[in-house]
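The values are calculated or read from the model by the stated rules, or taken from the named source; none is laboratory data. A quick note: this is a predicted structure, and the numbers were derived from the prediction, not measured. In this analysis, Cβ positions are derived from the backbone assuming ideal geometry, glycine residues included, and neighbour counts consider all displayed protein chains. Only protein heavy atoms, including side chains, enter the accessible area calculation; ligands, DNA and RNA are left aside. Shrake-Rupley method; radii C 1.70, N 1.55, O 1.52, S 1.80 Å.
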Amino acid sequence: MGNPKAFLTIKRKEAGYRPIHERIYDYSEVEQTLNIEDRKLQASRCMDCGVPFCHWACPLGNRQPEWQDMAYKGKWKEAYEILSSTNDFPEFTGRICPALCEKSCVLNLQEQPVTIRENEAAIVERAFAEGHIVPCPPLKRTGKRIAIIGSGPAGLACANRLNQKGHEVTVYEKDEYPGGLLRLGIPDFKLSKKVVERRIKLMQSEGVIFKTSVCIGRDVKVSDLLAEYDAVCLAIGAGIARDLSVKGRELKGIHFALELLKQQNRINSGVSIPSDLQISAKGKRVLVIGGGDTGSDCVGTSIRQGAVHVTQIEIMPKPPVGYNPETPWPVWPHILKTSSSHEEGCERRWNLDTIRFIGDKGTVKGVEVERVEWSRSETGGWNMNRTGEKEIIPADLVLLSMGFVHPSQDLFQEMSLETDQRKNLRTDSQLCSSLEGVFGAGDVVNGASLVVRAIASGQRAAHSIDQYVSLKK
């Protein structure tokens, strides 16, 4: 390392967020950037550990110490080459990854981990700015054709790797834009769609074909798809959201989280939504049910739409603040996470179970909840105990953000594909399904998870598909 003792004298410095009074009135990215000299200093804090736990924790196996050193020395091209050798889309993970690597950084023992995620984003943006990232189509084509269904992070990673191998890759996307939830599910204030579109254009210039607004099974017959391509990869995600089957669920004003988020992303892109179909929090009391990242995205979106009050509830207990002895370093810590959206104005509550929705003239006006308590069972699991303490939370708009249960089953049934107990696509160790030539990648196999894990799964699927088609006559 250029400065092996920098971590002793240079403190962690985050770029931080734009001022709250400014950012809540637009959908621009909330995260700021450091100047180039400060960014080099932050990269210099990497200790080049004998055992780099950051590398161990990263699903992609990123070689953080190596590209941190290059960034510290200002060698942005070399830093990007090392980074992109393991990560196809650092501009995505550098913005929205929860940074498993930072939580396992040795310096996190002192709660001063290296700003790995921000450094990653800085490297790729610097590489774009300096012209180091240009289209590099393969020198020759193999003649093998692969179809990828779904253009989220897993599908994009799989397509990118297979195209680099010289195969002809076509990506099918049911929505009007490629990118999956990167494009329509994640708010612009976390991930600018210009960043997604920039990568898509780069892949197109390298030879990847994107066909949008095409639903396999409806617009294209499955039999025709299997006959036309040498291999098919399913990367459709786990899109079936967890619902609440309680009294009053049919009331107007109750929506799944992605209904709101997708619609707002479309509006931001200039799509005109009829007024009677618009989901708006303007002037409303909003209740978000579910305490995860998607719920947080609903909070930030509702605030920008003009909600008068936003409440987010979670059925589980409030996580410990700062440190949790049950999840010690270097594993991912189960602690309270406060997002930029939470900081913008949100009442957060825990240990609340939804009992029923209350309406007036067919529209939701409140939600009855009951406080619950949790205790450990003899086997180490959790038991939920009802307290009988109930209350009504006023709400004119309710957003259900309780996670996703499994992928849509339509394609599985059409293709007679086997599923596991969780209704995910069943695959072997090579990510091959029960039907020869059909593979799976990302959440469709693993269940709803992180973007970084989806990219890693897409890379694995690409490797298996490459081996399969290379042996196919």
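For the reader, a short list of remarks on this structure follows.
- Placing pseudo-labels 7 Å out from each Cα toward the beta carbon at S470 and D360 gives an inter-label distance of 6.7 nm.
- Region 192-238-region 64-117 distance, computed between alpha-carbon centres (Å): 29 Å
- Extended-chain gain in nm, criterion 0.36 nm per residue less alpha-carbon gap, S28 and I335: 107.7 nm
- Once both labels are positioned 7 Å from their Cα atoms along Cα-to-Cβ, the gap between V134 and R349 label points is 5.9 nm.
- Enclosing the Cα atoms of the chain in their convex hull gives a volume equal to 165 cubic angstrom per residue.
- Working note: Karplus 6.51/-1.76/1.60 with θ = phi - 60° gives region 364-377 the couplings 5, 10, x, 9, 8, 10, 10, 6, 10, 10, 10, 9, 7, 7 Hz, where Gly and Pro are set to x.
- Computed log₁₀ I(q)/I(0) - Debye formula, equal Cα scatterers, no solvent, region 139-186, q 0.13, 0.14, 0.28 Å⁻¹: -0.30, -0.35, -0.96
- Relative contact order, percent, the chain [alpha-carbon distance under 8 Å, six or more residues apart]: 16 percent
- To put it simply, the accessible area of region 62-127 at a 1.4 Å probe is 46 percent carbon and sulfur.
- Computed over region 237-345, Kirkwood Rh from alpha-carbon pairs, angstrom: 15.9 Å
- Take the Cα of K13, step 7 Å toward its Cβ, do the same at E81, and the gap between the two points is 2.9 nm.
- Measuring only protein heavy atoms, the 1.4 Å probe finds E14 accessible over about 110 Å².
- Peptides 151-161, 339-349 ranked from most to least packed by the mean count of surrounding Cβ atoms within 10 Å: 151-161, 339-349.
- Less than 5 angstrom separates the built amide H of V288 from those of T311, Q312, I313, L399, all sequence-distant by 5 or more or on a different chain.
- For a straight C-alpha distance cut-off of 14 angstrom, the aspartates and glutamates reachable from K365 (same-chain residues fewer than eight places away being disregarded) are E250, E391, D396.
- For I148, the residues 5 or more places off, or on other chains, whose built amide H falls under 5 Å of its own are T170, V171, Y172, C233.
- Using a cut-off of 32 Å between Cα atoms, the listed pairs K11/K190; K103/K472; K5/K103; K282/K423 include K103/K472; K282/K423 as exceeding that distance.
- Cα convex hull volume per residue for region 179-233 (Å³): 97 Å³
- Long hydrophobic helices in the chain: the complete DSSP H runs spanning 24 Å or more by Cα along their own axis with mean Kyte-Doolittle hydropathy of at least -1.0 are 451-471.
- Sequence-distant residues sharing a close amide H with H406 (under 5 Å, placed H): I240
- Mean Cβ count within 10 Å, highest first, over the residues of peptides 306-313, 354-361, 453-460: 453-460, 306-313, 354-361
- Residues in region 346-378 reached by a label modelled at E250 [backbone nitrogen below 12 Å; 7 Å Cα→Cβ]: 362
- Extension gain, D420 to T142: 0.36 nm times the residue separation minus the Cα-Cα distance gives 96.7 nm.
- Modelled FRET efficiency - R0 56 Å, I267 with C49, Cβ distances, 0.05 increments: 0.75
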